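My questions will all concern the structure given below.
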Amino acid sequence: MKLAYDGSNYHGWQRQSNALAVQEVVEHAIFKLTGENVVVQGCSRTDAGVHAREYVLSFGLELPINCKGLQMGLNSWLPDDISVIGCEEAAEGFHARYHCKGKEYEYIVHNSRIKNPFYRNTALRYSCAIDADLLDKASQDFVGEHDFKAFCSTACDKEITVRTIRSFSVRREGDLVIFTVSGNGFLYNMVRIMVGTLLFINEGKIAADAIPSIIASKDRKKAGKTVPPQGLYLNKVYYDEDLID
């Protein structure tokens, strides 16, 4: 099943004991529709305030209900900030997380001195002029297989921090500057730190050619800030490596 959601009102995807998460809301809607208590398996964790244009999850049901009925029924129970945008039967044993081959994220910056209330929870407002061409060129240094230890939160619990970035681009669309990155996997806060590093390059706090040396250092302190969550979107999820950009 594919979801789209506005993460503004949720403490990320994964069920929490002390805060409302998207997983809990989806599982509750499934129960309301089918009467079955299920645990859905998500393709990824997302932080509080992060959004998804395409989030994949998997689960099994005893009820003989077709995909169209499931999609329409769940959308009648889900709040307006979560929508089932696709549904299909999967092969036995399919797992949304473990069979995932890659993801694409976007980070949106509202590059303006004037605030826009419609971007309050959907983009980062950044008043300094952004040289999108400069940052697009610098972002190419992320592409390839690298140890991204310098670009993950100190709270990251992964022993292996090597990931492959397949593509990275920075483009301007009016007052919006859009950072798009795809890869075979991402560490905790990795995209937000990569974007923060590029913004530090824009501000002259980090040299434009410094990304390779930061990667080599494996030192989080040498990279840029972790930008806020509201500008981040899980854009696509890949289950075929050949489709990854």
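Only the coordinates and a few stated rules stand behind these numbers; no lab work does. Since the structure is predicted, the reported quantities are computational estimates derived from the model, not experimental observations. Heads up, the Cβs are rebuilt from the backbone with ideal geometry, glycines too, and the neighbour counts pull from every protein chain shown.
Using all alpha carbons of segment 2-86, what is the percent of pairwise distances in each 10 Å bin, ordered from the shortest bin to the longest?
18, 57, 23, 2
Could you tell me the relative contact order of the chain? Use alpha-carbon pairs under 8 Å, at least six residues apart, and round to a whole percent.
Relative contact order of the chain: 23 percent.
Arrange the following residues from fewest to most other Cβ atoms within 10 Å of their Cβ: Asp240, Asp136.
Fewest-to-most Cβ neighbours within 10 Å comes out as Asp240, Asp136.
Binning at 10 Å from 0, report for the chain what percent of all alpha-carbon pair distances ends up in each bin.
The calculated distribution, bin by bin, is 7, 30, 33, 20, 8, 1.
Then there is this: Taking 0.36 nm per residue of separation and subtracting the Cα-Cα distance, what length does fully extending Lys218 through Tyr188 add?
Values: separation 30, 0.36 × 30 = 10.80 nm, distance 1.47 nm.
Stretched fully, the Lys218-Tyr188 segment lengthens by 9.3 nm.
Counting only other residues whose beta carbon sits under 13 Å from that of Arg113, what net charge do I get with K and R as +1, D and E as -1?
Charge balance in the 13 Å sphere: +1.
Right, next: Just tell me which lysines come within less than 18 Å, Cα to Cα, of Lys137; anything on the same chain fewer than 8 places away is out.
Output for Lys137: Lys205.
Okay, moving on. Cross-link candidates for Lys236: which aspartates and glutamates have Cα within less than 14 Å, leaving aside residues fewer than 8 places away along the same chain?
By straight Cα distance, Lys236 reaches Glu54, Glu104, Glu106, Asp245.
log10 I(q)/I(0), Debye, Cα-only segment 102-243, no solvent, q = 0.17 Å⁻¹?
-0.91
Under 20 Å from a point 7 Å along the Cα-to-Cβ line of Val143: which residues of segment 195-232 have their amide N that close?
Residues 195-199, 201-202, 208-216 fall inside that zone.
How about segment 85-146: which trypsin sites (Lys or Arg not before Pro) there lie in a loop by DSSP and see at most 16 other Cβ atoms within 10 Å?
Those satisfying the criteria are Arg97, Lys101, Arg113, Lys115, Arg120.
What is the order of Cys67, Cys100, fewest Cβ neighbours within 10 Å to most?
With the sparsest Cβ surroundings first, the list reads Cys67, Cys100.
A follow-up question, please. Can you give the extra length, in nm with one decimal, that the chain gains between Asn75 and Ser8 once fully stretched, where that is 0.36 nm per residue apart less the Cα-Cα distance?
Roughly 22.3 nm would be gained on extension.
First check a/c for segment 22-147, with a ≥ b ≥ c the square roots of the eigenvalues of its C-alpha gyration tensor; if it is under 1.5, answer rounded, and if not, answer prolate when a/b is larger than b/c or oblate otherwise.
Details: a/c = 3.37, a/b = 1.74, b/c = 1.94.
Judged from the Cα gyration tensor, segment 22-147 comes out oblate (a/c at least 1.5, b/c at or above a/b).
Something else: Could you list Glu54, Glu145, Glu88 in order of exposure, starting from the residue whose Cβ has the fewest other Cβ atoms within 10 Å? Intermediate values should be presented prior to the final figure.
On the way: Glu54 18, Glu145 12, Glu88 8.
So the residues, fewest neighbours to most, are Glu88, Glu145, Glu54.
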